[in-house]
Each structure stands twice: as C-alpha cells, then as structure tokens.
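Engineer: I'd like to ask you about the structure that follows.
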Number of protein chains: 6
Amino acid sequence: MKTPYRERLPDVPAPPSFPRDPAGSTSTRAEVVSYSDERRARGRRTLAAITGTAGAEVVEKLRDIAPDLADWILDFSYGDVLSRPGLDFRTRQLATIAALTALGNAQPQLKVHVEGALKVGCRPQEIIEVILQMAVFAGFPAALNGLATAREVFTASGR
Amino acid sequence: MKTPYRERLPDVPAPPSFPRDPAGSTSTRAEVVSYSDERRARGRRTLAAITGTAGAEVVEKLRDIAPDLADWILDFSYGDVLSRPGLDFRTRQLATIAALTALGNAQPQLKVHVEGALKVGCRPQEIIEVILQMAVFAGFPAALNGLATAREVFTASGR
Amino acid sequence: MKTPYRERLPDVPAPPSFPRDPAGSTSTRAEVVSYSDERRARGRRTLAAITGTAGAEVVEKLRDIAPDLADWILDFSYGDVLSRPGLDFRTRQLATIAALTALGNAQPQLKVHVEGALKVGCRPQEIIEVILQMAVFAGFPAALNGLATAREVFTASGR
Amino acid sequence: MKTPYRERLPDVPAPPSFPRDPAGSTSTRAEVVSYSDERRARGRRTLAAITGTAGAEVVEKLRDIAPDLADWILDFSYGDVLSRPGLDFRTRQLATIAALTALGNAQPQLKVHVEGALKVGCRPQEIIEVILQMAVFAGFPAALNGLATAREVFTASGR
Amino acid sequence: MKTPYRERLPDVPAPPSFPRDPAGSTSTRAEVVSYSDERRARGRRTLAAITGTAGAEVVEKLRDIAPDLADWILDFSYGDVLSRPGLDFRTRQLATIAALTALGNAQPQLKVHVEGALKVGCRPQEIIEVILQMAVFAGFPAALNGLATAREVFTASGR
Amino acid sequence: MKTPYRERLPDVPAPPSFPRDPAGSTSTRAEVVSYSDERRARGRRTLAAITGTAGAEVVEKLRDIAPDLADWILDFSYGDVLSRPGLDFRTRQLATIAALTALGNAQPQLKVHVEGALKVGCRPQEIIEVILQMAVFAGFPAALNGLATAREVFTASGR
C-alpha cells in the first residue's frame, strides 16, 4: 500500500485529532466507542449546521418506513462525508448544487441544499453563478430548472 | 415517531442479533465496540462473498488516493447496505445489474457486479433476462451495452 | 451462427411449448396465427397479473393519441419481455424498481411498478430494500425520491 | 375509446394497406399470418435501408447470447417503430442522433445511427447541426462527444 | 487548420451574407457593430418564430434573478444556434423534442418546444412519431412521459 | 421588469467596467465594437488561464468539422460564462468537477477540468473531496469513475 495521498500534501488541513477510522491499528476500545457516538453526533451537528431544523425533520420522517436510511444520512452522508476537513461547507454546498442542477432529477434535494448553501453563508449570487454555469455543462434546461428551484428558496426566505 | 415499518411486517427475516444501530438507547460500550469492528468485518465478508478477491483489490487500489472511499465501500456499501437481511444476495445483484444497465455510465462497476452475480449463484440466463428487460425501461442502447459487458464477463469466466 | 446461449444452459427453464419466434423455419401457418393472437393475450394476461386493472386503464388512455404505443406495451413490453420465462415476476418487478429509482426521472412508472410488485407478491420490505440499495449505486437523492413514491403506494394500499 | 388521433389528422400519410395490428376485429387468419412474416421482413428491409450490412451483423452477433433481443431489434425496433409512416427516414435518424448525443452514454449506437443517417441521405452538415444544437439542450460536453463520434464516422467513410 | 467542413460540402445552404464570426480577419468595425445588434435581433426573431410570445415571457421573467441567462437564451441559444442555416426549424424542433423526451428531466422545456414545433408547422402526428421513437432509444417510460406532455399541449391548443 | 438581482446584493463584486451587454441602451458604437472583440479575447484569456495550451488545442481541432462550436466555446463558455465575476476560478472548477462526476458520461471533459482545477490553484485533495462527495449525491460508481479520471491527471502531472 502506497502512502495515503493526503500525507503527501502537507498543506491540506490535518484531520481532527479524533480518529475517523475505527479499524486503524492504533485504535483502542475506548476510542472505538467514542468513534461511533462521535460519528452520529458529528452527523447531527453537520446536518443542523447546513439545514437547520429542516434536515432533521426530513430524517425523522423516514423513521417509519426506512429507519436505517435515516441513520445513514446522519452517519454516512453528514457524519462521514459532508463533515470532512479539506473543503469548507460553502464550497461543498456549491458543489452539491452544481451536481443536482446537472442531474436535473432531484428537485427536492436541490431545494434543501440551496437552503443549506444560504445557511452556511453562500450569497444568492454565488448560488446563481453555479447554476448558470451548468448551462455550459448540462444544458439550458438544467440551468433553467435549477434556477426555478433556487428562486423558490430565495422568495420563501425573503431574499 | 411511528413504529418502524419492519416491525409491522412479521414475515421479514429478523435482523441479526448483533445490533446494527450503535446509538440505540440500549447500547452498551461493549456492544458499540463490537459494532464498529463487526461492521468492517461484515463489509469484508460481504465484499468477498460477492466479488471474491477482485473487489478487495479494487478497494486496496484506492488506498493511495482516497483511503476513506475504500473504507466507505467496505463499511457502508458492503457492511451497512449490501449485507442487509430482507433480500438475498442473488436478488440484490440482479437489482444492481438492472440499475447499472439502465444508467449506462458505469461499465466498470457493471462488470464487477455481473461477476458478483455469478459468484453468488445467479445463472447467466437470469443476468441476461434482467439486462434484456432494461430494453423496455431504459431503451435498446442500454440493453445492448449492458449485454456487451455481460458477454465479456461470461467469456472471461468460460461460461 | 453459434448455438443459442440458453441451449448451453440446461438448468434454465425451457421456454413454453408455444413458439415465441414466428419466423422460425418450422413455423406453420396455424402456429403463426396463434403466435400473434397469443402474443396479445399473453401481454394482456401479464399486464393484468402485474398491474390489475390499473395498467389496462393506462394503456386504454393512450388509444386516442397513440394507439400503437398502447399495442406495443401489450405486445412487446408485457407480451414479449415481462412474460418471459427465466425470471419470476417478483424478481422482475424488483429489477424494474431498481432501474426506475436509479434513473429518477420516471415517477409515474415507478408508482405503477411498486403497485405491481405488491400485486405479484413482493413484501413492502423487499421493495424498500431495493430502493435503499440504490443509495449506493445512484446516490441518496435517488433513494429518497424512490422511497417517497413507494410510501405513497403503501399508504394508498393501506400497508 | 375516443377516435384515434391520426384519424382526426387527415394530412398524415395513411398507414400502408397491410394491417399493422393483428388483433384488430377485422383481421382474418390469412392477414394475421402475413402480419407476422411481414413484420419480420419489414424489420429486415428497414434495418438494411438504414444500416446496410452493418446492422444485420450486429443483430446476428446477438444470436449466441440473446437471440430474442436480436428478434426484437428486427421486429419491434425496425419492424414496428422505425419503419412507421408519418416521418421520413432522414428525420427519424436526426431525431435518434439528437437523443443519443443528449444521453451521452451510448456511443456505439450513436456511431451506427450517424452511419445510418448518411445512408438514408442526410448530409454531414445536417448531422453536425443536430449535434451542435445539443450544446443548448444537453450541454457542451454532450455536443463535443457526439461530434467526436460523428467525426470518426465521417473519416471512416471518406467524407 | 484544415478547410472548414462546410466549405467541402457545396450543397449546404450558404450562411447568410451577414458575418456570424465577429473576429474574422475581414471584419470591419461597422460590421462588428452590426454583428452584436443583429445577433440579439436574430435571437428575438427566432424566439418569436418558434415560441410566439410565450418564450419572450419566459425570458423576461428571468430578468430579476438572472438577467444574463435571459440574454444568453436570446443571443446564444436562439441567436447563434437555433437560427443557424443548414437545418429547417421543423427538423430542429423535432430533434429538440427527441432529446428532451429521452433525457426525461426537463418537462417545462419539452412543453415549450412541443408548442414551438406546432408553431413552426410540425403536425401533431410528427411530434408523436418522434416521441414514440424514443421508446426504442430511451425506454417506454421516457416515451410515455413525453407523450403526456405533448397531450397537454395538444389539448390546450385545441388539437 | 424588476430590479436585477445583483443590484440588490451590494456585496457581490461589481461587474468589470467593460460593458457585458452590447444591446444596453447606453452602448455606443465604439463600446459595441470593443464588446465583440473583448468577448473573444476574454474567452481566450479564460481558456488559457484554466487549461493552458491544452484547451486551445481542443478548440482548434474543432475548426475542420465545426468551426462555430470552436467559437462558441471561446465566446460563450469561456467568454460569457466561466469568466464571470461573482465566483472565483477555483470554485467554478470544483463545481464543474462535481457536475461532470455526477453525470458520469463526459470523461474527456472531466479530465480537462481536473487539469484546469490544478492549473487555477486547486489542491489535489480538494478535487478528491468534491469527487468523494458525489458518492452521496450520485452514487459510488460515479465517485469511483471520477476518481479514476482524476488519478490519471494527477499521475500524468507528477502529483
């Protein structure tokens, strides 16, 4: 196994001191316990940071039909991925908006992530810029439909 | 919160006695420790059951550039999702083949999962049936390209 | 022309005695007559088996604008493809649900096929399993939107 | 059932005198026999008209692994759909090129249909126009990749 | 640089005498001025020719949130691309309908372009033919959903 | 017409003093002349800033088959869109990488834009972060295939 990439990139922010990999050779039992609890807590914190109470509501609504999907959103999507160091929340939200606009088949999630982008400090114009850019990469219908979703969010939030 | 869906469906195989949700209120420290280790181990077992040594090689190749993606494949994709009770490996592989054939933009993964389908006991004709069915749902090009990938696997494995 | 694949796979269920290929060299006039009528009848039977009266209504609504599309659904989609031996109705419906969830742009058809899956005997939890699995292969938005459609069907059918 | 749409549109070319719907109430046994044979023959003629010998080779290569898919291509895709009156071959090929360029995941089929477009009399510039137009509707990457495929065909055919 | 393709194809309609490329070596200042004004005017004319007043309304609604996108639609989509010589408006609209039906994630734009197709002289049956053809290339759900959108337009316009 | 959005957002960087809209009521002939030339020049500068000489080569290769597409890439994609104020090059490249990874059908363009991201100062780890994030929004196959493309670029550039 080669040296992990991030070790060869000293300018990348160091991962938090809390171990992210529970199976690492230096893990002790106590650390692993903390890992699982921390993962859930980190997921909840990240979900709240990005979506306020809205995301938690979406997650809780899944409890009746697919409780494990609710957990995966907390633990994996927000706990493992979206909370990672190496990229700030604002850039992450803009990347998500780019992808969902380009895919064009996930309007409910685009709405949540436009709201999230505003919440973590993106300006409306930055969100618009990313959506407009998708006219080049995914075509004008994608950009128009993405913009319609963004407009709904901006209007609802009084921007 | 309503009663979880699976509790209202008594004919669904019970989840394994090992707790899947580390944050459940009855978890003890010892269980949580086991949870993390077991999750990784379950991921490795499932990956091996479906892909033999091929999947592990793909995962290990990620270690230099994206070690956490390697972990997520083990822990989340195989440990959390593909190892779930409630659906047998054969049906899961056929569902994956259906999806990847329909999407049509993930030939390397389709190849791995056709191999995996054979490994868990799907007959070639069953795999072909699923791919042909995609002609109805995703069009003939999707079916033709999925079939070309399946043929490669069948030929390489002497079927 | 090489030997057809299924002949080299003796464990595949034999095709029904009724000839599926009207242009085969041994076809007689009488068989061909039966072929066309049987194809339509087989399509209707399969449509009814999977969708009850709902599918037939969808098909009949097409008669004003695209009567041939109505026929193709009966004759090709259900008569030629979905009625094929080699894979049971339950697995076929789960494969369709996987594909439509992954594509994410065909909610009306996903609804019909979730209903169909219930009708041919899939348990709700099996349908949920397939949709959850799509989180791995097509992303969380695809799984969330597929689940929302499944929930509508389950609620409407009192499950 | 309402009056079929095409009957309310007297300027649409009448369907050929040969009946396309074998299950129509006025069908006689002899007509139905002719229907099935004619369908296959119409498929072969249309495939040859659009693809020359190349399409037939693709179809025959399917005989070992999926003989029924080979039949469906002849009978359904070319016999039922692409041979329909109401739209000339040139427009049909340009529509196919538009769709496959926009989808962007079916380069082998795009190649076949660019060749087919040339065969039925489309000028290279018309093909290029359709592909360029996809920059608007599906983005520049789709147009660039479609154009690369078209260029291959033009070069191979000495255009 | 090789000779531009269109020069080797003498049967392609010559581009209009007005220069489309403002940076060409023979451009004078006066021509360049005309170019920019003409581009906008050509975009407006083409938008009106295809969409009547509906398209202009869509464009104007963008002025508050993304005025540059409004300009790009006029100048690039309609002024540069859809107004090009080499393919008539009817074929261009049918190609757009093919692409949007196949993509399946842009119903508002499909609606506009079905209306546009009628406006530039396509018969309803031609539009239907293109949509039906997508059953082959993008699957039955795409064709069914495209047809539902076309039906809405036909009904609203009294066809 | 409402007040343009950006005017209500005083913290957005002002557009450059050079007028972007040639049809504005205050344009003079001289400004418009400059507009067209500047647009092309701005496109070339932006293309060079992001892609070095590689992008210009791609554009020039289009001159034989589709010279207008080459111009559109310079004038529209890079001159109008990617050079816009309101979002820095680094964020724009990461958004493009997100979209192309999620779409999964444009590997050549993803390669160009990973190279471009490095050229405008993105760190490899930031590019990897965006691609990994797509596992959540577009599935693991999309992330794996995007990562394979990024790895190629990193290896070729000695990173």
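Engineer: Counting only residues that are open to solvent by less than 10 Å² (accessible area, probe 1.4 Å) and charged (D, E, K, R), give me the helices (runs of 4 or more DSSP H) lying completely in the range A:94-159 with at least 1 of them.
Structural biologist: A:124-138
Engineer: Tell me which residues, restricted to the range B:53-76, are open to solvent by less than 10 Å² (accessible area, probe 1.4 Å), more than 13 Å from A:ASP80 (Cα to Cα) and at the interface with another protein chain (Cβ under 7 Å from one of its Cβ atoms).
Structural biologist: Within the range B:53-76, B:ILE65, B:ALA66 meet the criteria.
Engineer: So, one more: Just to be sure before I move on: is C:ARG84 modelled with pLDDT of 95 or more and open to solvent by 30 Å² or more (accessible area, probe 1.4 Å) in the structure I sent? Let's see the steps before the verdict.
Structural biologist: On the way: modelled with pLDDT of 95 or more: yes; open to solvent by 30 Å² or more (accessible area, probe 1.4 Å): no.
When the stated conditions are applied, C:ARG84 does not pass them.
Engineer: Hey, does the range E:62-82 have a residue that's in contact (Cβ under 8 Å) with a residue 40 or more places away in the chain, charged (D, E, K, R) and either touching a Leu at 6+ places or on another chain (Cβ under 7 Å) or closer than 19 Å to A:ALA135 by Cβ (or both)?
Structural biologist: yes
Engineer: Here's another thing I want to ask about it. From the list A:GLN125, A:GLN93, A:GLN107, which residue is in contact (Cβ under 8 Å) with a residue 24 or more places away in the chain, of a type in the set (S, T, N, Q) and within 14 Å of chain E (Cβ to nearest Cβ)? Steps first, answer last, please.
Structural biologist: Numbers: A:GLN125 fails: in contact (Cβ under 8 Å) with a residue 24 or more places away in the chain; A:GLN93 fails: within 14 Å of chain E (Cβ to nearest Cβ).
The unique qualifying residue is A:GLN107.
Engineer: Something else about it: In the range E:48-85, how many residues are among the polar types (S, T, N, Q) and part of a loop (DSSP other than H, G, I, E, B)? Steps first, answer last, please.
Structural biologist: Residues of the range E:48-85 that are among the polar types (S, T, N, Q), as a first pass: E:51, E:53, E:77, E:83.
From what's left, part of a loop (DSSP other than H, G, I, E, B): E:83.
Residues flagged as among the polar types (S, T, N, Q) and part of a loop (DSSP other than H, G, I, E, B) within the range E:48-85 amount to 1.
The values are calculated or read from the model by the stated rules, or taken from the named source; none is laboratory data. Since we're looking at a predicted model, the values are computed, not measured. Cβ coordinates were reconstructed from backbone atoms using ideal geometry, including for glycine residues, and neighbour counts include every protein chain displayed. Protein only, heavy atoms only, side chains kept; ligands, DNA and RNA dropped before computing areas. Shrake-Rupley method; radii C 1.70, N 1.55, O 1.52, S 1.80 Å.
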